[in-house]
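Only the coordinates and a few stated rules stand behind these numbers; no lab work does. Predicted, not measured: the structure shown is a model, and the values here were computed from it. Cβ: placed from backbone, ideal geometry, glycine included. Neighbour counts: every protein chain shown.
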């Protein structure tokens, strides 16, 4: 059974890798679309700042996911693995179709779906954490849109007499900073969700490791308030590696199919998105970096003229958002049922 738990931890890190792979578009689409960086330069840049977040931000989001949403008394290895499989499968489906859905909500939906499959709706601990998480499905793109459009209007007003060519050259450099800020915020919020899932697993199975020594004793986690250093570094490393491999289908959708961006627009979209996510992270709220940056890009595009936004593409993205939690929950519930029939705990 010990090796089953270790295998699930590895699956969690695989999810984190896919998260970075799937969500790399959030960090690099605008900086690639505006040709400030080549795709290779952009993914290295984003991966570096994803990892830097490990040494600066806290673990509030990890604690929310690990103990604030599902009754920890019913959590076992099959629930965790079922939830991870639901999230991974949904991520791969949306990646294949080039849809920037939320890895965060796929994980939360998968976790909830597997828990409900085991113990019914009572498995979910309804409260402020769920209210905030579900609210931010709608609020994060709206906040991103408002900040992105506000910044674009402010910058346009400040530089309305400047030569457009000079403005774009200036913001090519400024966009390096905004891209770094957004990549930092992506790592700060998204990597913590996997950390929370791993800690939830290790707390639920702590009895297996309490008497172990050496390497295996590092898997002993007595409470959800304890975050092993190896879990933090592993999660941030995997999301950074995933970002380096990149999800080019989604980069194309985010960087050019929603709206056409210039460096000044890319700067405003990334800065608005980063501000939104860092505030949410400070309050321990797991938000979708995908939702936020998409809203920011739409907000920037709409300040030019409404027709500059391809609303049919934006509509497909919104449908992917709406379906993410129920779809990943459904896949996770099936995965849990299969696992429970095969693996007797």
Query raised in the report: residue 173 to residue 283: extension gain in nm, 0.36 nm per residue of separation minus the Cα-Cα distance?
Result: 36.5 nm
Requested in this report: Could you tell me how many degrees, from 0 to 90 and to the nearest 10, lie between the Cα long axis of helix 103-119 and the main elongation axis, the longest principal axis, of the Cα atoms of the chain?
Outcome: 30
Report task. Show me 202-210, 71-79, 332-340 ranked by packing, highest mean number of other Cβ atoms within 10 Å first. Result -> 332-340, 71-79, 202-210
Query raised in the report: Does anyone have the angle between helix 311-342 and the longest principal axis of the chain? Alpha-carbon axes, 0 to 90°, nearest 10?
Result: 10
Report summary line: Expressed in nanometres to one decimal, the distance between label points 7 Å along Cα→Cβ at residue 153 and residue 206 is 5.1
Query raised in the report: If you take the beta carbon distance between residue 44 and residue 341 as r and set R0 to 41 Å, what does 1/(1 + (r/R0)^6) give as a FRET efficiency, to the nearest 0.05?
Result: 0.40
Query raised in the report: Rounded to the nearest 0.05, what FRET efficiency do residue 245 and residue 126 have when you use their Cβ-Cβ distance and R0 = 41 Å?
Result: 0.65
Query - Entry for Cα extents along the principal axes in Å (calculated from the structure that is shown) out of (1) 77, 52, 36; (2) 70, 38, 33; (3) 53, 44, 39 - result: (2)
Query raised in the report: Shape of the range 1-104 from its Cα gyration tensor (a ≥ b ≥ c, root eigenvalues): rounded if a/c is under 1.5, otherwise prolate when a/b > b/c, or oblate?
Result: prolate
Requested in this report: Relative to the longest principal axis of the C-alpha atoms of the chain, give the angle of the C-alpha long axis of helix 263-282, reported between 0 and 90° and rounded to the nearest 10°.
Outcome: 30
Query raised in the report: Given the convex hull over the Cα atoms of the range 47-141, what projected area results after averaging over all orientations, in nm²?
Result: 7.4
